[in-house]
Structure formats: structure tokens, C-alpha cells
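The values are calculated or read from the model by the stated rules, or taken from the named source; none is laboratory data. The structure presented is a predicted model; accordingly, all values stated were derived computationally and were not measured. Cβ placement follows ideal geometry from the backbone for every residue including glycine, while neighbour counts extend to all protein chains displayed.
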């Protein structure tokens, strides 16, 4: 097996974090993820960092990097499970970082960044949390041109090509939902499940409330 190509030192003016824990997290993400998903994780960090700088946010680069590079582990064959995929990934990242001796407070921030990255609530949290969702959203739906220059986007895509991301991502999500229906919480995963996962019948809060063991 050939060793993975080393990451560049910087892209679009953003330094790639190269601390010991960052390198370990990168290796975990690369080994567990198909190439298109790993590239998405890297682009999430780069877009998120650019958006943070453009809006004057101050953030810890290492903590943001860890949250971004690990944010989709819940979609991988190795780590997918029955929790909502974003929480499945957050728990996986927390276990990994704890085993590496990473500080508990920073680990909790990484957990929040991953668990909230597809929820609106993340937008209102500290930058290391908010920028995970913003970076991922920019990569999925397109970056705000007022925050990310075309030349910066071009540099990011050259370094980490999309590899037919749109189709591959939907297929991956649908496959995870097929095997773990509860992985689709009330996020984009439910939209994908309803359209692409045969036999997907999400639980409805109204049904759960009606079955509550209380006499009215």
C-alpha cells in the first residue's frame, strides 16, 4: 500500500494544521473515508477558515481543523451506527480524541461542532463550532462570494477535487440510512432518506406523543 500524499502547507492563504493530533486525525479521516468524502472534510476546513477570517471571527485553528476533518465519520462504513449520523460522528471523534489525550474542554468543542454542523443552532455558537457548519454548507451549496473569492475556491478545488461529490454524497447517505434508519434525524439526512432510501419511514413526533403512557 502506497503512503498517502502529504498535505500542502497552505491553500488559498489558509495554513493546514500540522500538529501531532491534527496529523493523527487526518490519518483517521483518510483511512475511514472514501476519497471524495475526505476531500469534502478538507474543503470544509478551508472554506470555514476563509469565512471566519472574512467576517472577523477569532478561532482556534487546531480545534476547528479537528472538528472539520472528523465531522463526517458517522457516514463511513467503519463508524456509521444507529445514532443520528452527526451524533454518531461526534461520539466517534470524542472517543478518538480522548484516547489521544486531547484536552477535555477542546474535545467538547469538537463534539459540539460535529453534532451541530447540520443544525441552525450551530450558527449561534462559538466560531470553532459555527464554522464547521458554515464550511460544510459552503462546500455543499456553494460559498458566499462576498466571503470567499473565486480564486480561493479554485485553489481549494485544485488541491481537493470534488470527485463527483454531489452524486457520491447522496448515495453514501442513502446507504447509511438503509442500514441505520435512525441515523436520519431532522436534518438533510431525512430529506435524502425520504427520496432515496427505499422503505424509509421516519418516526413522527405526533405518533410518539399519542403513544405516551398517560391518561388524558
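Observations on the structure shown:
- Where helices (runs of 4 or more DSSP H) fall wholly inside the range 84-201, the ranges with 3 or more residues that are surrounded by 15 or more Cβ atoms within 10 Å (Cβ to Cβ) and modelled with pLDDT of 95 or more are 85-99, 104-115, 127-141, 150-159, 165-179.
- From the list 41, 4, the one residue that fits, being over 15 Å from residue 115 (Cβ atoms), within 11 Å of the chain's Cα centre (by Cα) and without any contact (Cβ under 8 Å) to a residue 40 or more places away in the chain, is 41.
- Residue that is in contact with a helix residue (DSSP H, G or I) (Cβ under 7 Å, 6 or more places away or on another chain) and without any contact (Cβ under 8 Å) to a residue 12 or more places away in the chain, where the choices are 19, 98, 10: 98
- Residue pairs whose Cβ atoms lie under 9 Å apart, separated by 6 or more positions or on different chains, with the first residue in the range 171-192 and on the phi > 0 side of the Ramachandran plot and without any contact (Cβ under 8 Å) to a residue 40 or more places away in the chain and the second outside any helix (DSSP H, G or I) and surrounded by fewer than 17 Cβ atoms within 10 Å (Cβ to Cβ), do not occur.
- Test for residue 47: is it surrounded by 12 or more Cβ atoms within 10 Å (Cβ to Cβ), modelled with pLDDT of 95 or more and not in a helix (DSSP H, G or I): no
- Candidates 168, 155, filtered to the one that is touching a strand residue (DSSP E or B) at 6+ places or on another chain (Cβ under 6 Å) and under 15 Å from residue 39 (Cα atoms): 155
- Residue within the range 61-79 that is over 30 Å from residue 203 (Cα atoms), out of contact with any strand residue (DSSP E or B) (no Cβ under 9 Å at 6 or more places or on another chain) and not in a helix (DSSP H, G or I) present: no
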